[in-house]
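The values are calculated or read from the model by the stated rules, or taken from the named source; none is laboratory data. Values in this document were obtained by computation on a predicted structure and should not be read as measured data. Note that each Cβ is placed from the backbone with ideal geometry, even for glycine, and that neighbours are counted across all protein chains shown. SASA here: full protein model, heavy atoms, side chains in, ligands and nucleic acids out. Shrake-Rupley method; radii C 1.70, N 1.55, O 1.52, S 1.80 Å.
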Amino acid sequence: MAGLTLTAAAATLAYASAVERTLYQLREETVPILPPGAAPLRVLHLSDIHMVPGQKSKADWLHSLASLNPDLVVNTGDNLSSKKAVGPLLEALEPLLKVPGVFVPGSNDYYAPVFKNPLRYFAGPSIPPKKSKAQDLPWADMFSAFGAAGWVDLTNRSQSVGFGNLRIDFTGVDDPHLDRDRYAPYPPGSSTSADAPHIRVAVAHSPYQRVLDYFTAGGADLMLAGHTHGGQVCIPGYGALVSNCDLPTWRARGLTQWDSDGRTVPLNVSAGIGTSRFAPVRFACKPEAVLLTLTPRTAR
């Protein structure tokens, strides 16, 4: 019996490391938040790519996402997992960098991942890495390349972007997992800007509750985050065991509604595309990108 159990465990680990972590999928959601009469807007949400050189299947799949013809790309961080990853990352994203985009960083844009005991995650959120030149990643090169392509850096700042007759007011924060988040209110605009068709979108890497609460209080119509990896190793029929932050595990992946300050705001948490190179497994939690189709609100 013990031999059968060990064999089953070995088979599960082999599947999780060699198969499921490369079964890239697209999750599609419809979010009715646009002003009445607005044209639908296709938003591609990317998160937790964790690129290292040599990941051809991941690069090819990312490259293929341009065929979805998104109107906007939102990147919620943790793009890197190696000091040599910026070039492969930019090659994989090359066609998407031609699409309007916004981004915020995660801790694994700043610092390379380090080995951790997987059981440590059950004790609470992982401890952010200490500053070390040996662990520093070339985040500035990545930021520069994203900016040169026209993607808007939302690191503790806000900015408005026009899409036809619609204005999207964005706010974003540096990684809350590193306690670097500093909320920037939405751009005030002109005295009549509130009357023009617009929505407010908030972006963070780690969906800590304090961040979701101040985004909601600030007037967000939609919130986007990653970080959780959807739990990464889940129990079929139950879901995530950990979220690596204070977000309830049942919210670790998917589109849910966040209630705070008397308001209810759609929250999309991506299960992410990659994994730390020290934990290259996924089980019952396939890697994903998310295509959100924003549509007009239902008339009341």
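Tabulated data
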read-out	value
Meets criteria (open to solvent by less than 10 Å² (accessible area, probe 1.4 Å) and either of a type in the set (D, E, K, R) or modelled with pLDDT of 95 or more (or both)) for LEU23	no
Boolean, ASN75 is of a type outside the set (D, E, K, R) and on the phi > 0 side of the Ramachandran plot	no
Exclusive hit being under 14 Å from LEU291 (Cβ atoms) and modelled with pLDDT of 95 or more, set PRO53, PRO40	PRO40
Answer residue from region 163-178, given it is under 17 Å from the mean Cα position of the chain (by Cα) and of a type in the set (A, V, I, L, M) and is surrounded by the most Cβ atoms within 10 Å (Cβ to Cβ) among those	VAL173
Counted residues, region 220-235 - those being assigned to a loop (DSSP other than H, G, I, E, B) and farther than 19 Å from THR22 by Cβ	4
Cβ pairs under 7 Å, 6+ apart, first in region 219-245 and over 21 Å from THR155 (Cβ atoms), second among the aromatic types (Phe, Trp, Tyr) and surrounded by fewer than 17 Cβ atoms within 10 Å (Cβ to Cβ)	GLY239/TRP250; VAL242/PHE122
Any chance THR12 is touching a residue at least 40 places away in the same chain (Cβ under 8 Å) and either outside any helix (DSSP H, G or I) or more than 22 Å from the chain's Cα centre (by Cα) (or both)	yes
Region 140-155, residues that are part of a helix (DSSP H, G or I), of a type outside the set (A, V, I, L, M) and buried (at least 18 other Cβ atoms within 10 Å of the Cβ)	PHE146
Residue in region 156-177 that is assigned to a helix (DSSP H, G or I) and either more than 23 Å from ALA38 (Cα to Cα) or not acidic (Asp, Glu) (or both) present	yes
Selection status of THR216, farther than 17 Å from THR155 by Cβ, in contact with a Lys or Arg (Cβ under 6 Å, 6 or more places away or on another chain) and open to solvent by less than 20 Å² (accessible area, probe 1.4 Å)	yes
GLY87 being at pLDDT 95 or above, more than 30 Å from ARG200 (Cα to Cα) and not acidic (Asp, Glu)	yes
In region 71-112, the residues that are open to solvent by 10 Å² or more (accessible area, probe 1.4 Å) and not in a helix (DSSP H, G or I)	ASP71, SER82, LYS83, LYS84, GLU94, PRO95, VAL99, PRO100, TYR111, ALA112
Residue match in region 179-199 (condition: open to solvent by 10 Å² or more (accessible area, probe 1.4 Å), closer than 23 Å to GLU288 by Cβ and modelled with pLDDT of 95 or more)	no
Residue satisfying all of: in region 26-66; open to solvent by 20 Å² or more (accessible area, probe 1.4 Å) and of a type in the set (S, T, N, Q); nearest to LYS84 (Cα to Cα) among these	GLN55
Positions within region 252-272 being among the basic types (Lys, Arg) and surrounded by fewer than 22 Cβ atoms within 10 Å (Cβ to Cβ), in sequence order	ARG263
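Per-residue answers, yes or no, for (1) more than 17 Å from the chain's Cα centre (by Cα); (2) in a strand (DSSP E or B):
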site	(1), (2)
TYR183	yes, no
GLY189	yes, no
VAL201	no, yes
HIS205	no, no
PHE215	no, no
SER243	no, no
ASP246	no, no
TRP258	no, yes
